[in-house]
Amino acid sequence: MHVLHVVGARPNFMKAAPVHRALSQRAQIKQSLVHTGQHYDANMSDVFFMQLAMPEPTVNLGVGSGSHAQQTAEIMKRFEPVILELKPDLVLVYGDVNSTVAAALVCSKLLIAVGHVEAGLRSFDRTMPEEINRIVTDRLADLLFTPSEDGDTNLKREGVEEKKIHRVGNVMIDSLVRLLPAAKELTAHNLPARYALVTLHRPSNVDDGDALKSILESLLRVSEQMSVVFPVHPRTRQRIKDFGIDVEKLRLLEPVPYIEFLAMQTRAAVVITDSGGIQEESTYLGIPCLTVRENTERPITVTMGTNVLVGQDRDKLSAELSKVVAGKFKKGAIPPLWDGHAGERIADVVEHL
Ligand code: UD1
């Protein structure tokens, strides 16, 4: 059987790597890997391939940036001939980025089976582009691999047949478990003793000048209590420049490679983020996480883990931060099946198709 993986953007790489690795242990399976080129900077893509020991992509579609419609359409146009040539039996797509939905659309029209890894997540917020990508991809997929029970519940509510749903756990945690020892060995050069680790890139937080300014002002307030370490996504850096916001007092870094970021997370006093994956990683690591969003498609990180949604409410952020400082922040637990073996469980399903 020929399995083709599609990746495109930074959060795809740590999800695909463990599945690729698990399938490479299965004798009957041939694999190929298509990179759409949605992310193209070396520090957003190449370095992740290297650290995660992913093979070179079989094909790179080189689509680059654009509006949602342009990017999605360009991926579809360039992906279709590749699929027609490689003729895979199954295409695996990951997460909720534009590359995910574009590839799923192409395959389903060519009657090629699609497996969606990280299926069933819902924020119930359609202003978020990723929510549209999740809904459409899940609608089209033949195999839906969910990370937690809420994913199954969402899919069943939407009428997905139960036999298509496979609860396998969290593939992103597979990569974390594998590379945590390497992260722990890294020396923390230049890191303050106590710090808040910040990431921000959601359009709702960074595309509006007032919203971004207000969040950065909150971070300045945080920096009165502890250092703020902030690796900046290219989109966010561009916006800070466009809006002419003064960020001199914050410690801004270039995007950080996977193992280095993991090391920074393990040593952080608190993480302040709008990322999906970091809500999960901090839950696994037991590090307090303040999420700068009104909702999450990963509710288990709130109900079971260390995540608290603070939205853009500065008072809530500062109240939760005080709990961190006082050692009174809630303690979490690791959700079931977030154990480093989700990729193998996916391989079990795929092998027996
Ligand atoms: C995308 C995903 C988002 C994910 C995020 C992780 C969608 C809809 N969004 O958002 O779900 O959380 O990736 O990073 O797919 N850019 C560079 N270099 C790069 C890539 C992007 O400079 O290698 C800049 C470009 O100016 C680009 C902008 O970042 O226009 C946004 O990139 P894009 O892929 O459109 O979306 P992300 O914000 O990265």
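All of the numbers you see were taken from the coordinates with simple rules; none came from a lab. Here the structure is a predicted model, which means the values were calculated and not measured. Virtual Cβ from ideal backbone geometry, glycine too; neighbours counted across all protein chains shown.
Bridgeable lysines around K323 (alpha carbons under 16 Å apart, same-chain partners fewer than 8 residues away excluded): K331.
Fraction of C-alpha pairs exceeding 23 angstrom in region 252-353: 33 percent, rounded to a whole number. For K109, the lysines whose Cα comes closer than 19 Å to its Cα, not counting residues fewer than 8 places off in the same chain, are K77, K87, K164. Close amide H partners of H166, meaning residues 5 or more places away or on another chain with modelled amide H under 5 Å apart, are L144, F145, T146.
Report, in deg cm²/dmol and to the nearest 500, the calculated mean residue ellipticity at 222 nm for the chain, where each DSSP H run with n ≥ 4 adds -39500 (n - 2.57) and the sum is divided by the residue count.
Values: 15 runs with 162 residues, N = 353.
After summing the helix terms and dividing by the residues of the chain, the value is -14000 deg cm²/dmol.
For K109, project a label point 7 Å along Cα to C-beta. Then give me every residue of region 4-43 with its amide nitrogen under 14 Å of that point. Under cut-off, by backbone N: nothing. Counting Lys and Arg as +1 and Asp and Glu as -1 over every other residue whose Cβ lies under 9 Å from the Cβ of G95, the net charge comes to -1.
Can you pull out the trypsin sites (Lys or Arg not before Pro) in region 109-163 whose DSSP state is coil and whose Cβ has at most 10 other Cβ atoms within 10 Å?
On the way: sites: K109, R122, R126, R134, R139, K156, R157, K163; in loops: R122, R126.
Those that pass, being in a loop and sparsely packed, are R126.
Computed over the chain, the range of Cα coordinates on each principal axis works out to 57, 41, 40 Å, biggest value leading. Summarising the amide proton neighbourhood of S32: residues at separation of 5 or more, or on other chains, whose placed amide H is nearer than 5 Å comprise V3, L4, H5.
The HN-Hα couplings worked out from phi for region 173-184 by the Karplus form 6.51 cos²θ - 1.76 cosθ + 1.60 (θ = phi - 60°) are 5, 4, 5, 4, 4, 5, 9, 4, x, 5, 5, 5 Hz, whole numbers, x standing for Gly and Pro.
Exposed loop sites, defined as GluC sites (Glu not before Pro) outside DSSP H, G, I, E and B with at most 12 other Cβ atoms within 10 Å, are absent from the longest region of the chain, namely 1-157.
Using r as the Cβ-Cβ distance of L84 and T127, and R0 as 41 Å, what FRET efficiency do you calculate, to the nearest 0.05? Please report the intermediate quantities before stating the final value.
Values: r = 35 Å, r/R0 = 0.86.
Given R0 = 41 Å and the Cβ-Cβ separation, E is 0.70.
Between the amide H of V228 and those of A196, R251, distances stay under 5 Å, these residues lying 5 or more places away or on another chain, with hydrogens modeled in the peptide plane. Computed from the C-beta positions of A319 and R139 and an R0 of 41 Å, the FRET efficiency is 0.55 to the nearest 0.05. Listed values for region 263-271 are Karplus-derived 3J(HN,Hα) couplings in whole Hz (6.51 cos²θ - 1.76 cosθ + 1.60, θ = phi - 60°), namely 4, 5, 5, 4, 9, 6, 6, 7, 10, and x replaces Gly and Pro. With the simple model of a label 7 Å out from the Cα in the direction of the Cβ, K164 to K249 spans 5.2 nm.
Net charge near Y195: determine it from the other residues with C-beta under 9 Å of the C-beta of Y195, scoring Lys and Arg +1 and Asp and Glu -1.
On the way: positive: R194, R251, R267; negative: none.
With Lys, Arg at +1 and Asp, Glu at -1, the neighbours total +3.
FRET efficiency for E56 and D242, Cβ-Cβ distance as r, R0 = 30 Å, nearest 0.05? With R0 = 30 Å, the Cβ-Cβ based efficiency is 0.30.
Ordered by the number of other Cβ atoms lying within 10 Å of each residue's own Cβ, fewest first, T100, T291, T58 fall into the sequence T58, T291, T100. Here the 3J(HN,Hα) profile of region 329-334, calculated from phi with Karplus coefficients 6.51, -1.76 and 1.60 at θ = phi - 60°, is 6, 4, 9, x, 9, 8 Hz, Gly and Pro shown as x.
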